[in-house]
Amino acid sequence: MKATLEPPDRFHVVAAQGWLELGDHIAANDELEKVSARLRAHPDVLDVRWQIYARAEKWEACADIAEAIIKLDPDRPDAWIHRSYALHELGRTQAAFDELLPVADKFPKVWTIAYNLSCYCARLGRMDECREWLKRAMAIDEHAVKRAAIDDPDLKPLWDSMGGTLWKRTE
């Protein structure tokens, strides 16, 4: 769907994002409900809907929403990331890995894809693959990866296998 959102629908989406930033996913949902019914399947609206459902930990719905975004606009890397993240949260980590792996080369500059693949490998006990994906993510954005990885429980198996993380929190 290539149509852009126009006011007032665009304003409702922005307001919903604002509520999310303030930590109120209920108000965000209320705001998103004000978007015209014909535009509720727009990828931008669905993306915010995914964020709302993620805050509510409704992972099955999150997986479905991300799948819908992928079908509408497969060039959105966040949709692929969101679907796999939801699958992982549902305890389907192998499926999360399998669904994200094919787009790693499609979006080579998106560090989050390589990073999440690293996390999934760590959880699956595949430490050599985990390290390779982590190196790939760091080659894209070392600072962002270090900031994310230092406290990420998904990487705990990697840190445990190495005797602890290599980094110290500086922020």
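The values are calculated or read from the model by the stated rules, or taken from the named source; none is laboratory data. Everything numeric here is computed off the predicted structure, so don't read it as measured data. We work out accessible area using only protein heavy atoms, side chains counted, and drop any ligands, DNA or RNA first. Shrake-Rupley method; radii C 1.70, N 1.55, O 1.52, S 1.80 Å.
With respect to being more than 17 Å from the chain's Cα centre (by Cα) and open to solvent by 60 Å² or more (accessible area, probe 1.4 Å), D30 fits the description. For V35, the conditions (1) part of a loop (DSSP other than H, G, I, E, B); (2) farther than 23 Å from L124 by Cα; (3) open to solvent by 40 Å² or more (accessible area, probe 1.4 Å) all hold with the exception of (3).
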